1. Could you pull out every residue, at least 5 positions away or on a different chain, whose amide H is within less than 5 Å of the one on residue A:57? Hs are placed 1.01 Å off N in the peptide plane, and Pro or chain starts have none.
2. Please say if the stretch A:28-101 is rounded, prolate or oblate, where rounded means a/c under 1.5 for a ≥ b ≥ c the square roots of the C-alpha gyration tensor eigenvalues, and otherwise the choice is prolate for a/b larger than b/c and oblate otherwise?
3. Sort the stretch A:36-208 into rounded, prolate or oblate with this rule: let a ≥ b ≥ c be the square roots of the eigenvalues of the Cα gyration tensor; rounded if a/c is under 1.5, and if a/c is not under 1.5, prolate when a/b is larger than b/c, oblate otherwise.
4. Taking a spot 7 Å from the Cα of residue B:69 along the direction of its beta carbon, which residues of the stretch A:89-103 have an amide N less than 18 Å from it?
5. Could you give me the ³J(HN,Hα) list for the stretch B:318-324, computed from phi with Karplus coefficients 6.51, -1.76, 1.60 and θ = phi - 60°, whole Hz, x at Gly and Pro?
6. For the pair residue A:197 and residue B:246, what calculated FRET efficiency results from E = 1/(1 + (r/R0)^6), where r is the Cβ-Cβ distance and R0 = 51 Å, to the nearest 0.05?
7. Give, as a single signed number, the net charge of other residues whose beta carbon lies under 13 Å from the beta carbon of residue A:133, with Lys and Arg counted +1 and Asp and Glu -1.
8. Work through the residues other than residue B:192 whose Cβ is under 10 Å from its Cβ and net out their charges, Lys, Arg +1 and Asp, Glu -1.
Amino acid sequence: MGIVTDKLPGALEKVPGGNVLVTRFDEIINWARASSLWPLTFGTSCCAIEMLMATGGPRHDLARFGAEVARPSPRQADLLILAGTIVKRMAPRLRTLYEQMAEPRYVIATGACTISGGPFIYHSYTTVRGADEIIPVDVYVPGCPPRPEQLFHGLLTLQKMIKEGETIREPGVRRKPVISALPEGITLEDIQGEMKELLVKENVVDVQHAVDKLKWPSGLNEQSSGKSGANESGAGDGT
Amino acid sequence: MTVEVSSLKELVEQASGDDRSPDTQEYFVNMGPQHPSTHGVLRLVLKLDGERVLRCIPVLGYIHRSIEKISEHMNYMNCVHLTDRMDYLSSIMNNWAVSKAVEEAAGIEVNSRIQYIRTIFAELERIQSHQLWWGVLGMDLGAFTPFLYGIRDREVLNDVMEETVGARLTMNYVLPGGLMADIHPNFVHRVKEFIKYFRPKLDEYDDLLTNNVIIQERLRNVGILSPQTAVQYGATGPVLRGSGVAFDLRKDHPYGVYDQADFEVPVGTIGDSWDRYWVRVEEMRQSLNIVEQLLDNIPPGDFLVKKLNSKIKIPEGRYYSQLETARGVLGVFIASDKKDEPYRLHYRSPNFNNLWCLEPMIKGDYIASLIGAMSSLDLVIPDIDR
């Protein structure tokens with residue numbers, strides 16, 4: 001076991017003579033955040049049937065990804081799945097809903113309408129051309145409407161972003177938004193097989209991976225390479 | 001020690017002086033646009049007295065995408081593809097409505113194979129739509145299990161249709177002058193399998209929800225819509241038939257090949273939420289009957305009467321055509337000025353008229369009954385706003 005020191009938040013340090021368990025709290029916190037996303041039931045039009053109803057059903061089952069607790073209240077949700085066109089009259093409400101959600105909050109824009117306006121991009125006097133004109137979007141899932149598998153692809157992309165994105169030292173720092181489009185020529189069996197593997201892999205916290213990723217400050221390296229005793233100087237925090 | 005119990009009226013008078021009466025005060029509550037049981041972004045302004053609904057005013061426009069205006073800049077082939085996004089649960093019927101209007105106006109005759117396939121797909125889509133409604137009605141009334149059952153069977157049917165159509169929801173299958181593609185070789189076989197699969201499931205639905213005491217208590221004698229009011233408000237579809245008016249375009253003005261199928265039009269008695277529920281569940285059985293009768297008789301032929309041409313021109317004039325979707329009569333009005341684009345394209349959507357029946361249905365009733373009554377209307381909001 002190790003002891004928690006104050007100089008490196010979340011890092012466990014070697015106890016002289018004992019075994020070492022080194023990890024980062026970031027890894028565990030982000031894993032927990034990514035694995036229990038609570039979506040807001042925000043469906044404006046067609047995509048809502050595919051994104052919120054078909055995925056909630058027994059065939060596709062959003063619960064496999066730990067995101068099935070759909071909440072109608074924004075105050076209890078942390079994932080906003082934009083399902084359907086945003087029109088100018090709805091835009092202020094969407095902004096309000098987003099701001100009512102608790103931090104950290106994530107947004108997946110599904111469907112062509114929320115990405116660019118989709119089929120309603122030309123000659124429409126009401127459609128907002130892309131939801132990112134109103135709120136920041138993390139993952140774009142294209143399609144009209146996307147298949148439920150495609151939403152899962154987007155959800156896994158978001159989970160990956162969450163796991164590698166925010167840290168305790170740099171709260172609020174996110175990865176840039178990505179488009180989560182399925183590659184061309186991929187079959188349903190491929191997706192399902194890939195997801196099966198991912199579900200096993202992604203639901204295990206890889207401590208060794210966390211250790212490898214952790215950039216040790218120089219002081220700690222010296223300490224681990226033979227110098228005894230607790231580090232009193234406190235030198236070398238900050239990666 | 002004794003406690004003096006005074007009446008509520010006295011307490012209120014003591015607390016608030018003479019100008020306050022002990023009666024409850026009327027107040028307004030906004031329901032929506034973000035609400036789990038308004039099925040989208042419908043906003044209802046409710047005037048309440050305690051828990052009683054005095055007025056229920058729908059406020060629209062939260063998903064108005066100006067489909068009619070966009071259509072004025074599109075040719076008739078392209079107009080069809082926007083209609084899937086209106087009533088997305090009966091997308092094939094929406095496609096068919098526009099195609100039918102264009103065909104009638106431009107004088108395009110389609111062969112009977114096309115008509116057969118269109119009719120079969122329309123009925124399959126009707127079943128699919130009612131399956132989803134059935135599940136969601138259970139969820140609105142507080143039971144999550146029906147939702148799982150409804151979606152489970154919907155996915156089975158979805159697979160059958162997806163094999164031919166290539167899409168799960170917005171199908172874009174029917175075009176003016178024919179169909180997007182011919183039916184898949186497996187289609188007939190798989191639909192037969194589905195019918196065999198789904199008939200016993202309908203009995204399961206009855207065991208789970210129809211014969212459930214709680215559901216009956218919440219739906220019976222709630223949201224009564226008299227036939228006079230229903231006709232006055234222009235309600236159509238299961239809402240009108242639930243009130244006891246046996247009006248069904250499939251029977252009264254047959255289009256497609258409905259005249260070759262033998263089916264009944266289920267009709268309610270007093271027009272409460274229960275009647276509308278029963279009509280829809282019964283319609284699923286009738287749709288299965290229609291599909292079963294037509295399936296073996298699909299004649300050979302082309303799936304498109306002539307090569308796809310985006311320059312369909314309609315003679316000058318005004319045209320109106322209508323058909324029965326899963327929610328009622330969808331009318332398509334085309335005003336043409338001899339160009340390949342419509343001068344004006346207007347949809348008479350069934351949900352818009354059905355929505356306004358909510359206030360006469362629910363006036364004076366509890367707010368909890370409003371949820372069940374609204375669910376029994378089976379509203380699709382993008383179809384109202386377009």
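Computed from the coordinates by the stated procedures, all read-outs in this text should not be read as laboratory data. For clarity, every value in this text was computed on a predicted model and none was experimentally measured. Every residue, glycine as well, gets a Cβ built from its backbone with ideal geometry; the counts of neighbours run over all protein chains shown.
1. Answer set, sorted by chain and number: A:62.
2. oblate
3. Cα axes put the stretch A:36-208 in the oblate bin.
4. Within reach of a label on residue B:69, which here means backbone N under 18 Å from a point 7 Å along Cα→Cβ, the stretch A:89-103 contributes A:89-92.
5. Per residue, the Karplus-derived 3J(HN,Hα) values read 10, 10, 9, 9, 8, 8, 9 Hz.
6. 0.35
7. +2
8. Spelling it out: positives minus negatives among the neighbours equals -1.
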